[in-house]
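Single-structure report; data block below.
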Amino acid sequence: MKILIAGGTGFIGNTIMEHLTLNTDIEYHILTRNHKENHDNVHYHLWDGRSMGSWKVYIDYCDVLINLAGKSVKCRYSQANKNAIYNSRIESTYILGEAVANSENPPILWINTSTATIYRDERIRANDEYNGIIGEGFSVDVARKWEETFYASYTPFTRKVNMRAAIVFGRKAEVFKIYQDHINMYLSGRHGRGDQKVSWIHELDFVKAVKHFIENENSEGNYNIAAPNITDDVHFLSTFRHLMGKKVGLPVPEWALEIGAYICGAETEMLLKSRWVFPKRLKEEGFEFQFPKHEEALRELLSSDNRKTTKAEIEKIVELMN
């Protein structure tokens with residue numbers, strides 16, 4: 001099987017390549033803005049994320065297209081950064097749609113990542129794919145246009161899945177490290193009011209969802225990619241803090257978070273917006289989460305004993321031994 005991943009050099013792309021297992025060998029083709037050396041079954045191809053290029057030939061014979069392209073939202077929302085966040089998602093999705101629409105042998109499946117932030121700040125009930133209420137603001141506007149662009153391309157021979165992903169927790173995820181930093185600095189009593197819901201998914205369940213979509217021909221349309229058991233900021237931080245062996249966590253008021261975010265070059269939306277998302281369609285299709293509860297997910301991520309040793313780490317160990 002040949003899988004093409006646009007924007008596949010980041011945390012999620014690497015996680016997919018490391019953990020996705022199917023009943024077949026997988027050959028990866030990665031579209032990236034920076035030159036990288038090919039290795040084993042992974043081949044890198046340059047693209048700018050907005051115009052057609054020589055990379056288009058790999059669309060013609062890939063089985064699955066996964067689009068992860070987009071500037072990181074870990075930045076201040078200046079006008080320049082807003083434009084980059086918006087354009088990097090919309091332009092990449094549009095040009096991929098053009099490539100698929102004009103392909104002589106289009107991919108069977110196109111998975112496009114979106115975001116659970118598309119839903120409004122919700123503290124009363126869960127948003128599922130059927131009754132979810134779309135919110136307002138910059139991040140929501142980006143998500144709406146992102147999805148509109150994805151569905152607007154004419155690709156009648158390609159099945160489309162739109163992943164409205166909650167926060168993906170993984171050992172190498174920036175957001176996971178931010179939470180760890182807050183706990184290590186004893187700033188983990190609560191973020192703001194502390195009643196905001198925390199929708200999340202373990203990296204392995206994210207990959208498992210990708211596998212589910214590849215193997216299930218009837219999967220199509222919008223899916224919430226989030227663990228089914230919701231918690232709030234206070235309880236999430238309490239569990240996280242306990243598993244890290246920290247007994248003290250001071251509450252951080254919203255104004256202090258704003259100052260900290262400004263200094264770190266980020267925004268507070270990730271920590272303060274209440275995301276209450278339920279994966280109803282995945283549950284209807286019989287998907288079983290490996291980590292449905294936050295305690296077991298955090299315990300696994302914080303356990304070095306369970307971590308898979310990467311090929312690069314093995315090579316480094318061999319080099320030191322020699």
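Does region 29-48 hold any residues that are part of a loop (DSSP other than H, G, I, E, B), of a type outside the set (Asp, Glu) and modelled with pLDDT under 95, and which are they?
Start the filter on region 29-48 by keeping residues that are part of a loop (DSSP other than H, G, I, E, B), which leaves 33-38, 40-41, 47-48.
If we keep only those that are of a type outside the set (Asp, Glu) as well, we get 33-36, 38, 41, 47.
Selection gives 33, 34, 35, 36, 38, 41.
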Mind checking whether some residue in region 198-208 is in contact with an Asp or Glu (Cβ under 7 Å, 6 or more places away or on another chain) and either outside any strand (DSSP E or B) or of a type in the set (Ser, Thr, Tyr) (or both)?
no
Every residue in region 5-58 that is of a type in the set (Val, Ile, Thr) and under 20 Å from the mean Cα position of the chain (by Cα), please.
5, 9, 12, 15, 16, 21, 30, 32
Those residues of region 59-108 which are surrounded by 23 or more Cβ atoms within 10 Å (Cβ to Cβ), among the hydrophobic types (A, V, I, L, M, F, W, C), outside any helix (DSSP H, G or I) and more than 18 Å from the chain's Cα centre (by Cα), in sequence order:
62
Lone unmet requirement of (1) buried (at least 20 other Cβ atoms within 10 Å of the Cβ); (2) modelled with pLDDT of 95 or more for residue 238:
(1)
Give 204, 250, 187 a once-over and let me know the one that is loosely packed, with under 15 Cβ neighbours inside 10 Å, out of contact with any Lys or Arg (no Cβ under 7 Å at 6 or more places or on another chain) and among the aliphatic types (A, V, I, L, M).
250
Given (1) loosely packed, with under 15 Cβ neighbours inside 10 Å; (2) within 23 Å of residue 245 (Cα to Cα); (3) touching a strand residue (DSSP E or B) at 6+ places or on another chain (Cβ under 8 Å), identify the lone condition not met by residue 170.
(1)
Tell me, yes or no, whether region 261-279 has at least one residue that is of a type in the set (D, E, K, R) and assigned to a strand (DSSP E or B).
no
Considering only residues that are assigned to a loop (DSSP other than H, G, I, E, B) and free of Cβ contacts under 8 Å to residues at least 60 places away in the same chain, look in region 213-260 and name the one that is nearest to the chain's Cα centre (by Cα).
217
Are any residues in region 170-197 acidic (Asp, Glu) and either assigned to a strand (DSSP E or B) or under 23 Å from residue 277 (Cβ atoms) (or both), and if so, which ones?
174, 195
Boolean, residue 142 is under 14 Å from the mean Cα position of the chain (by Cα), buried (at least 16 other Cβ atoms within 10 Å of the Cβ) and either among the aliphatic types (A, V, I, L, M) or at pLDDT below 95 (or both):
no
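The values are calculated or read from the model by the stated rules, or taken from the named source; none is laboratory data. Since this is a predicted model, take the numbers as computed values, not measurements. Cβ coordinates were reconstructed from backbone atoms using ideal geometry, including for glycine residues, and neighbour counts include every protein chain displayed.
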